[in-house]
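To start, the structure under review is shown below, and the notes come after it.
What follows is calculated from the coordinates using simple rules that are stated; it is not laboratory data. Everything numeric in this text was worked out from a predicted model, so none of it was measured. In this analysis, Cβ positions are derived from the backbone assuming ideal geometry, glycine residues included, and neighbour counts consider all displayed protein chains.
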Amino acid sequence: MARLPFFFYRYLSSRFLGSIVFNAFTVFFLWEIVVAFKSVFLAGLIPTISLASDLLLTVPVGHLIDRFNSTKLGTLSSLILILGTALLVIGQSIPFIYTATVFLTIGVMMKGDTISATIKKNLDREQFLPANQTFSGAGYASSLIGTLFGGASIIYLQHYFVLIILGMSIAALLLSFPISEPRNAEEKAAVRSELTSTFVFLKKITGFLVVGFVLNGLLVCLDVYSSGLFHLVLKVSPVYYTLFVALLSVGGIIGSLLSGPLQKHVNTAYRISLLILLYSPAILFIALVKSAIGDIVDSFLIGLLLPVINIPLDVNLMKVVPRNIYGKVMAFLRVFLGGATPALAAVFSFMALFFSVTSIFLYAGIILFPVCVLSFKVLPKFFRMANEASLNSEKEA
């Protein structure tokens, strides 16, 4: 495995702390709102606002990444995190919580995007796989720690929770001071030319975007309904809810560790498509088997599946996207792949007024099946593009 530079681990540590803050905040306040107001609708607005904020600003952030030093933008993201947590020190009413959601979302989104750009701009091609594995594993680990911390805070640390996440945000800032970043001549191209190149590239992977668009939109039901599922349907303690969210991250950590050894076995279009097909029965299980323990195990298996699928896709995407439009392409990908999520999160929250939580999980699982089948058609084209890009890069070298 290629050795990674120290600055990568420093920025990763900053993002690690920021992600803990965001995940702990989400778990803590999703539960608090459900308990205080007995409303899945009000709780569901947190992921809806978060995802909408992410999508609205991801394109401008992508443009800034292509034009400026990405590590300086990483420092700015830490300042935005501090602003969001400081709002919660002032007040914890619904308006303050929703406003803090916006700032925390933007801060964490910028941290993830700037690290991805730092990998693309400053690391060699052979370092892409270990960097993405480490990035993915750290992401799931921070999600796990944030979930456990948020869940424990519901029970033990309610009065100190906000001060702790403020301190962690300040620590993230101290780890995120920038480095100099050389700019290629190709990065100075006209904005219109860059946008044209971006849209030409996105047009080539339209089918891939459609599959990701629907998958991301439907899987948001896990975020919107997990608190309502355990509190209102299964009627169990927050310990089970915390384990459900935490085991998703545990599975992700293990899946990230396994993704390297499994690369030669799963890094083909049809094998990845076969793994994607497993999403549908995983969601149907939650709807049909009303068992807290069963749902927790199912969450672990879904988490195990995610990095084994996503890391090969991320590495191939990093190889094929031109460096001078990387920020814009990744921004538009975020819009396309996550574009359905805010809308469906709002739809799911509205549907909760008329349908049971388990019914909506059932509908989501059924709709997922034909979308997963479509991946068998669109992923082979995407993998061919990645292979061609790698061959062209080797010839140029």
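Considering (1) farther than 17 Å from residue 51 by Cβ; (2) in contact with a Gly (Cβ under 7 Å, 6 or more places away or on another chain); (3) of a type outside the set (Phe, Trp, Tyr), say which one residue 36 fails and leave the rest.
(2)
Out of the residues in the stretch 31-61 that are of a type in the set (D, E, K, R) and more than 16 Å from the chain's Cα centre (by Cα), state the one that is surrounded by the fewest Cβ atoms within 10 Å (Cβ to Cβ).
Within the stretch 31-61, the match that is surrounded by the fewest Cβ atoms within 10 Å (Cβ to Cβ) is 38.
Can you tell me how many residues in the stretch 95-105 are closer than 29 Å to residue 8 by Cα and either without any contact (Cβ under 8 Å) to a residue 40 or more places away in the chain or outside any helix (DSSP H, G or I) (or both)?
Summing the residues that are closer than 29 Å to residue 8 by Cα and either without any contact (Cβ under 8 Å) to a residue 40 or more places away in the chain or outside any helix (DSSP H, G or I) (or both) in the stretch 95-105 gives 1.
Under the condition of being aliphatic (A, V, I, L, M) and within 18 Å of the chain's Cα centre (by Cα), which residue from the stretch 89-115 is surrounded by the fewest Cβ atoms within 10 Å (Cβ to Cβ)?
102
More than 14 Å from the chain's Cα centre (by Cα), touching a residue at least 24 places away in the same chain (Cβ under 8 Å) and within 25 Å of residue 303 (Cβ to Cβ): is that true of residue 118 in this structure? Give the steps one after another, and end with the answer.
Details: more than 14 Å from the chain's Cα centre (by Cα): yes; touching a residue at least 24 places away in the same chain (Cβ under 8 Å): yes; within 25 Å of residue 303 (Cβ to Cβ): no.
Here the answer is no, as residue 118 does not meet what is asked.
Listed residues 283, 302, 272; which is more than 28 Å from residue 386 (Cβ to Cβ) and part of a helix (DSSP H, G or I)?
Going through 283, 302, 272 in turn, just one is more than 28 Å from residue 386 (Cβ to Cβ) and part of a helix (DSSP H, G or I): 283.
Output the residues belonging to the stretch 132-158 that are closer than 30 Å to residue 6 by Cβ and in contact with a Pro (Cβ under 6 Å, 6 or more places away or on another chain).
136
How many residues does the stretch 1-30 contain that are buried (at least 23 other Cβ atoms within 10 Å of the Cβ) and among the basic types (Lys, Arg)?
1
Here's the yes/no breakdown for (1) under 20 Å from residue 360 (Cα atoms); (2) in contact with a helix residue (DSSP H, G or I) (Cβ under 9 Å, 6 or more places away or on another chain):
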site	(1), (2)
261	no, no
264	no, no
267	no, yes
271	no, yes
281	yes, yes
294	yes, yes
298	yes, yes
